[in-house]
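A.B. asks: Quick one: the structure is below, and I'll ask about it shortly.
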Amino acid sequence: MLKNSAFSRYWIGDTTSVLANQMLVLAFGWQIYDLTQSALSLGFIGLAHFGAQFLLTLPAGHWADRYNRQRIAVACQLIQAFAALLLAFANYGGWINTPLIYLCAVLSGASQTFQNPALRSLLPDLVGEAQLARCIAFHGAVKKGAVILGPALGGVLYLWGASAVYAISAIAYLLATVIFSYIPATKSRPHDAPATLQYVFGGLHYITNHPIILGAISLDLFATLLGGAVALLPIYARDILHAGPIGLGLLRSAPAIGAVLASLYLSYFPLKNSIGKILFLCVSVFGLTTIIFGLSTSLTLSLISLLIMGAADMISVVIRSTLVQLETPPSMRGRVSAVHSLFTGTSNQLGQFESGITAAWWGTVPSVVIGGIGTLAIVGIWLVRFPTLVKREQLYEPRS
C-alpha cells in the first residue's frame, strides 16, 4: 500500500491540504470575532462554507466526471492558496475587513466542494479496488491527525498574528499543489456525455436506485443527525462532569483518537466478511455509547464512551466510503461522491443544530440520550428496509 507512489502522493497532498484548511478556518473564526465581537459573525463563517457546498455540490460532481480530476484538485489548491495569500497581505497592509474574510471563506468553501468529489473519485484509479478499503482506512487516520494538529498549529502561529497563519496556510496549499501535480495519469478517462440536467443529477438518481449505496449513506446521515452529542461537550465539561477547559480538550480529542486507532487497525487488518452486519453493529455501538455518554457523570466513563464512539464511527465510515466507490461505475464516481459529500457534511452540521435545539427544549442529558435511542431506532428500521445491505458479505463483489 505505502509502496504505491501514486497513493503516497495522494495522501500526503490531501493531508497537507487538510492541515492548511484547518489552520485557515481557525484564523477565519478568531479574526472575525476579533473584528466584530459578535457570535453571529462566527455563524456566518459556517454559513458561507455550507452555502457554497449546498449550491455547488451537483456542479462539482459534474466537473469531476467530465474533466481531469487531478487538474481539478490542483486548481482548487491554487484558489485556496490565493485566498490565504490575499488575507495575509491584507493583514500585513492593514486593510483587512470582514467582507474580505467572508469572501475568502466562500472561495475556500467552493474550492473544497469541487476538490472533495474529484479526490474521492480519483483514489480507486490509483490503488485498485482490492486495496481500496485499506487505503481509505490509512488515509482516514492521517487526515484525522491533520484535523487534530491543524487547529493547534494555527493557534500557536496566531501568536505572531493572523498574517502568519494565512501565510503558512498558503505555503501548505502550494506544497499540496506541487504534490498533486506529480500524481501520474490514471486509466479512467473523463466522461464526454452532453452536459444535460439529467447528466448533472445523475449521481442523485444513481444513489436512489441502488439500495446498497442508498442504505449505507442514509444510515450514516440519520445516525449522525440524531447522535450529535459532540456539539454539547462544553456543557458536559463545565456543568455535568465539572472537568473544566482541560476536560473539554480531552473530551474533544477522545473521538478523534478512537477514529485514528480504528483507521490504523483497518489499514493493516482490513475487513473481509460480514461487511453489512459489521456496518449495522458499528452504528448500533455509536448509538449505545451516545446513551452511555449522555447518562455518565464520570469523566473516565465519558472518555471511554467517546473513544469507542469515534472508533465505531470510523469503521462505519471506511465501510460506507469503500462501498460507495466500489458500487459506482468509474464514469459516475464524481457525481456520486459529490452527493455523498453533501449528505455527510449536512448531517454533521444539522446534527449539531439538532442537538442544540433539543437540549434547549428538553435539557442536555435527555437530548443526548434521546438522540442515542433514535440512532438505535434507525438501525432497526434500516435492518428491515435495506436487507441487501445487511446481507452484504464482502466490500468487493463483482458486478453482475
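A.B. asks: Applying the Karplus parametrisation 6.51 cos²θ - 1.76 cosθ + 1.60 with θ = phi - 60° to the phi angles of segment 5-15, what ³J(HN,Hα) value in whole Hz is obtained for each residue in order, glycine and proline being reported as x?
C.D. replies: Rounded to whole hertz, the list is 5, 5, 5, 4, 5, 4, 6, 5, x, 5, 5.
A.B. asks: How many percent of all Cα-Cα pairs in segment 32-148 sit more than 26 Å apart?
C.D. replies: In whole percent, the share of Cα-Cα pairs in segment 32-148 beyond 26 Å is 32.
A.B. asks: Below 16 Å, Cα to Cα, which aspartates and glutamates can Lys391 reach? Residues fewer than 8 away in the same chain don't count.
C.D. replies: The reachable aspartates and glutamates, counting only those whose Cα sits under 16 Å from Lys391, are Glu327.
A.B. asks: Any idea how far the Cα center of segment 230-299 sits from the one of segment 137-185, in Å?
C.D. replies: Centre-to-centre distance over Cα atoms comes out at 25 Å.
A.B. asks: So, one more: Can you give the Rg to Rh ratio of the chain, both from alpha-carbon atoms, with Rh computed by the Kirkwood formula?
C.D. replies: That ratio is 0.96, to two decimals.
A.B. asks: Using a Gaussian network model of the chain with C-alpha springs under 10 Å, which one of Asn97, Asn209, Asn68 is most mobile by mean-square fluctuation?
C.D. replies: Asn209
A.B. asks: Residue by residue through segment 381-390, what is 3J(HN,Hα) from phi via Karplus (6.51 cos²θ - 1.76 cosθ + 1.60, θ = phi - 60°)? Round to whole Hz and write x for glycine and proline.
C.D. replies: 5, 5, 4, 7, 6, 10, x, 5, 6, 4
A.B. asks: Let me ask something else about it. Rounded to whole Hz and in sequence order, give me ³J(HN,Hα) for segment 172-182 from the Karplus expression 6.51 cos²θ - 1.76 cosθ + 1.60, θ = phi - 60°, writing x for Gly and Pro.
C.D. replies: For segment 172-182, the Karplus-derived couplings read 5, 4, 5, 5, 4, 4, 5, 5, 4, 5, 9 Hz, x marking Gly and Pro.
All of the numbers you see were taken from the coordinates with simple rules; none came from a lab. Worth saying up front: this structure is predicted, and the values here are computed from it rather than measured.
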